Structures are given as C-alpha cells and as structure tokens.
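We did not get these values from a lab; they are worked out from the coordinates using the rules stated. Everything numeric in this text was worked out from a predicted model, so none of it was measured. Note: ideal-geometry Cβ built from the backbone for every residue, glycine included; neighbour counts use all protein chains shown.
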Amino acid sequence: MARLKVGVLVSGRGSNLQALLDAASDPGYPAEIALVLSNVPGVQALERAARAGVATAVIDHKAFDGRGPFEDAVHAVLVEHGVEFVCLAGFMRILTDGFVSRWFDRLINIHPSLLPAFRGAHAHRDALAAGVRVSGCTVHFVRPAMDDGPIVVQAAVPVLPGDAEADLAARVLEQEHRAYPLALRLIAEGRARVAGDRVEIDAPDAAGALINPRD
Ligand code: GAR
C-alpha cells in the first residue's frame, strides 16, 4: 500500500519531528516524511531532517508582508513536494482560516496538555497553577481556533508534588513522542476518521488512542 506523504512544519528543537522520522524509518509504517519545513532558519529540526535524508525548506515568515502571503508560500512548497497531509510539530505560528481550510482534515497538531484544558503557549505553567493531578498531551485535527479540533490521541502523565515546569514538560514530552507516531499511524491506516467534532477510532488492539500514565 502507498504510504501517506507527510509534510512536517517546525520552528525549533524538533524532538517530535524526530519521533515521526524514527517511526517512518520503518518501511512498515504507513506514512513517509516527504518534507520538513521550518519558518525559522538554522533550527535543530532542520538538522534532524537532513540527517534522516528528508527534504527541507525554510520559509522565513519575517520575509513576508503578513500571514496570507507567508502561508501561500508554505502551501506552494508543500504541494510542490507532493505532500498529502501536514503535521505541526512545535510550529510556533498561528495559521489563518485560509490555510486551515485548504488542509481541512489533513492537518494535525500536538499540544502539551490534555485539551480542552490549558490551551496556549504556557500549558505546563497553567497546569501547575491549577493544581491538576494529571496532565499530558493531545494530538488533534486543526481548526481555526487555537489548540482546538477533533482529538485523535491523548497520553496522560501524573503531576507529582514539587514538580517544576521543566519536570512536567519533560514527563509530557516523553509521551508526546509515543502519541504523535501513534496518531499519524491511525490516520494513515484509515483507523481514525473525523466524524463531526470528534474522531472515531477503529483500533481493536490494546493500543487504542489513549496512553495511560503507568503504561
Ligand atoms: C512540544 O512540547 C509541543 O507539544 C509544543 O512545543 C514543543 C515542541 O518541541 N507545541 C506547542 O506548544 C504548540 N501549541 P519539539 O520541537 O521538540 O517537538
């Protein structure tokens, strides 16, 4: 079966990109990474892509007059590389409705909280401030509102007494690296489908779409 051709949009470290590259290095994985595109030059994610022999592109948003023209350029490069599906992996630009509609139901994101709790750029800080006992990460289809959209996979972790932001971030990140490849696999195999505001999962095996704290 043909593998789904995926473009990954990044802005920085790229550890989630690495998890996707590692998964896709297995020929049995149902998706291949066709392009890694960064809006920031020189970031570690680009080095990771190059090391994996994957095509890279840099489209610096600062070189454009507004979001529209920047997104047009991003779209053109994705299409040029035959990309069929887009993963945001630490991509730190808000996307307009225009871009989201062009990739509707073909665009997913990972966020470091159990959505719909703690949207935004300070998920761990906000989770600690709220005193929650469990946090985690969410892979979801992208909708125009920030950190909103049908949920594909979630992974939970405990919040432990004395946790600093960095402790919680590290614990969640480890689960992000499991959740993102799982979500992309379920979608690429046609086992995760958008149905209204939710995602229906056809996963008879134990993995399902939830990763538990003590797994
Ligand atoms: C990840 O923790 C990801 O969930 C988060 O940025 C980090 C990127 O790390 N994304 C967001 O906060 C988006 N709202 P990475 O570059 O090592 O994958």
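Comparing Ala203, Ala127, Ala155 in a Gaussian network model of the chain (Cα springs below 10 Å), the most mobile by mean-square fluctuation is Ala203. Collect residues whose amide H, placed 1.01 Å from N in the peptide plane, falls under 5 Å from the amide H of Ile211; neighbours closer than 5 in sequence don't count. HN-HN under 5 Å from Ile211: Gln154, Ala155, Ala156.
Fully extending the segment from Ala2 to Ala117, taken as 0.36 nm per residue of separation minus the present Cα-Cα distance, adds 37.7 nm.
Separation of the stretch 91-135 and the stretch 10-46, taken as the distance between their Cα centroids, equals 19 angstrom. Note on Val199, Val79, Val132, Val153: ascending count of other Cβ atoms within 10 Å places them as Val79, Val132, Val199, Val153, the fewest first.
The calculated FRET efficiency for the pair Arg51 and Arg93, based on their C-beta separation and a Förster distance of 22 Å, comes to about 0.35. Once backbone amide H atoms are built at 1.01 Å from N, Ala192 has Ile187, Asp202 as its partners under 5 Å, excluding neighbours fewer than 5 places away on the same chain. Close amide H contacts of Thr56 (hydrogens built in the peptide plane, cut-off under 5 Å, sequence separation of 5 or more or a different chain): Val36.
For the chain, DSSP calls about 45 percent of its internal beta bridges antiparallel. For the stretch 100-122, the residues whose amide N sits under 17 Å from a probe point set 7 Å from the Cα of Val194 along the beta carbon direction are 100-111. For the stretch 101-215, dividing the convex hull volume of the Cα atoms by the residue count gives 98 Å³ per residue. Taking the chain as a Gaussian network of alpha-carbon nodes connected by springs under 10 Å, the highest mean-square fluctuation of the residues Asp60, Asp163, Asp126 belongs to Asp163. Dipole magnitude for the stretch 68-189: computed about the Cα centre from +1 point charges on Lys and Arg Cβ and -1 point charges on Asp and Glu Cβ, it is near 220 debye.
The slack between Arg13 and Asp26, meaning 0.36 nm per residue of separation minus the straight C-alpha distance, is 2.4 nm.
Its DSSP H runs of at least 4 residues, each contributing -39,500 (n - 2.57), put the calculated 222 nm mean residue ellipticity of the chain at -10000 deg cm²/dmol, to the nearest 500. Counted as membrane-span-like here are DSSP H helices of the chain whose alpha-carbon atoms extend 18 Å or more along the helix's own axis and whose Kyte-Doolittle mean is -0.5 or above; these are 67-80, 165-188.
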